[in-house]
Amino acid sequence: VPVMVEPMIPNNSPPWSRTTKTIVVVAALLLLALLVMRFRTLLAMLVVAAILAYLLDPLIVFIDKRTNIRRGIVIAVVYIVLAAALIGGFFALGVASYQQAANLIEQTPALIENVAASIAALVNRTEPIAIGPLSLDPSVVAWDRLPEQLLGLVEPLLSQSGGVVSRFATSTVRTVFNLLFIFVLSIYLATDLPRFGGYVKSFAQQPGYREDAERLMPQLRHVWSAYLRGQIILSLVIFLTVWIGLTLLGVQNSLALGLLAGFLEFLPNLGPVISAGVTVLVAFFQPGNYLGLESWQYALVILGLMIVIQQLENHLLVPRIVGGALDLHPIIVIVGLFMGASLAGILGAILAAPIIASLKLFGHYAWRKLFDLPPFPDEEPIDDPPPHLFLPE
């Protein structure tokens, strides 16, 4: 069978030198960095819209393949239902969580005074405390000034927290407009999402990297799919588990603590530790409990509950939901969280782990290409994740 060969189109354009290529790449990177710094807020909303479209795509594809409804109508229905659910959830949980969060902030000074009083009671003794060759005389420490010193340390944080709560109540209009803008962007992105892979492969076709793109794109989708969709499932599970568990044990502000635990699930390794620490402190300085336990005993019970929840999550949920998609050392993840937070705030901290995993994927590919090595050595190609991931068959 004769093979049809496309005629070669003569190219009279002179090739760029290495110096020209370097200048163009550096100028493009500088321009990109300038645009990112100038339009950081707009870029953040665009990223949120893209994440929302990516998360809803499996549900849209699931409905589209099992019904005769056009994809555009399916997208509209899904986003309308999501908006209704968000509004209903806001009215159902927003008022209660706002009151509990404000109550928790108002109780912080009293909690600090209780901390100082507890420390003073433990060390209020006449004889010195000997620790090996060292000796500490508690009588020379001004314990009565400790509450004022602690309040002075956390007063800026408390004032900022109160400002955050008040701003949350007064900036509703701006938040609604931002959400509408994100929803509109997300709808457009969800419409073009099925063609995104084709765009990338077509772009890589000309320089001859289509095969590499076909290998890299599934791996990249695997990283983001496992992290984003998996973290949402983990956050919901942890929120419900912590909320129900703390409510059954009689911990005050259990709804706010459950929401905090669910949100901090997006900060791998570090988030659950912070959540457990805050919960134990609230339980320790709670005025009383229906179990009739001492404060330290009650705090140990709550600590045991949080440890059990985290262990069940690490050994049962994480391997089945997230798996080893990120494949990052915990130290790298923690450092990345702080770097992402300093660069882009909360959104940067949440997306730090998958971004680092993506950079690791492309860095490994670039490293092997620089040394003329096979870019995918002894690796089985990862199949495209099914569009109904985390959805029933």
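Some points to look at:
- Members of the range 274-293 found to be closer than 20 Å to SER235 by Cβ and open to solvent by 60 Å² or more (accessible area, probe 1.4 Å), listed by number: ILE274
- The set of residues from the range 240-251 being without any contact (Cβ under 8 Å) to a residue 60 or more places away in the chain and surrounded by fewer than 21 Cβ atoms within 10 Å (Cβ to Cβ) comprises LEU240, TRP243, ILE244, THR247, LEU248, LEU249, GLY250.
- A single entry from GLY277, GLY250 fulfils the requirement of being at pLDDT 90 or above and outside any helix (DSSP H, G or I): GLY250.
- Qualifying residue in the range 343-350 (condition: at pLDDT 85 or above, on the phi < 0 side of the Ramachandran plot, open to solvent by 20 Å² or more (accessible area, probe 1.4 Å) and not in a helix (DSSP H, G or I)): no
- Filtered residues of the range 31-56 (kept if more than 16 Å from the chain's Cα centre (by Cα) and open to solvent by less than 30 Å² (accessible area, probe 1.4 Å)): ALA53, LEU56
- Taken over the range 294-309, the residue count meeting the criterion of being at pLDDT below 90 and open to solvent by less than 60 Å² (accessible area, probe 1.4 Å) is 1.
- Any hit, the range 284-291, residues being closer than 26 Å to LEU347 by Cβ, in contact with a helix residue (DSSP H, G or I) (Cβ under 8 Å, 6 or more places away or on another chain) and not small (Gly, Ala, Ser): no
- Candidates VAL322, VAL335: the one that is among the hydrophobic types (A, V, I, L, M, F, W, C), without any contact (Cβ under 8 Å) to a residue 24 or more places away in the chain and either out of contact with any Lys or Arg (no Cβ under 7 Å at 6 or more places or on another chain) or open to solvent by less than 50 Å² (accessible area, probe 1.4 Å) (or both) is VAL335.
- Of the criteria (1) touching a residue at least 12 places away in the same chain (Cβ under 8 Å); (2) surrounded by fewer than 20 Cβ atoms within 10 Å (Cβ to Cβ); (3) assigned to a loop (DSSP other than H, G, I, E, B), which one PRO268 fails: (2)
The values are calculated or read from the model by the stated rules, or taken from the named source; none is laboratory data. Keep in mind that what you see is a predicted model, and the values were worked out from it rather than measured. Methodologically, a virtual Cβ is constructed for each residue, glycine included, from the backbone with ideal geometry; neighbour enumeration extends over all protein chains shown. Note: accessible area is taken over every heavy atom of the protein model, side chains too, but ligands, DNA and RNA are not part of it. Shrake-Rupley method; radii C 1.70, N 1.55, O 1.52, S 1.80 Å.
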